[in-house]
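These notes concern the structure reproduced below.
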């Protein structure tokens, strides 16, 4: 029983790591963190919500449905929080 508690705790935390956000500017979505490859020349649309899976060193890992690969990296500036532009953020529940 004691071993189950930490596992349940970690799984619960991972549920809250995801959120959705709307980009404030159009940005390329790259296959890797080094931004060397962008298969199918994917660009974020400022009118769509995207699921953010992870934030790491000023970059976001997004889930882009219908793309191959579906997980893409973008700069955090794409989701700027400047005073003149407000982003919309919602928690995403796992289904």
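FYI, it's all coordinate maths here, none of it is from the lab. Just so it is clear, the structure is predicted and the values come from calculations on it, not from any experiment. FYI the Cβ positions are ideal-geometry reconstructions off the backbone, even for glycines, and counts take in every protein chain you see.
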If I model a spin label at residue 18 and residue 56 as a point 7 Å from the Cα along the Cα→Cβ vector, what separation in nanometres do I get?
1.7 nm
With R₀ set to 25 angstrom, the calculated FRET efficiency between the beta-carbons of residue 70 and residue 34, to the nearest 0.05, is 0.85
Working note, the stretch 18-91: Cα radius of gyration (Å, one decimal) and Dmax (Å, whole number) are 11.4, 34
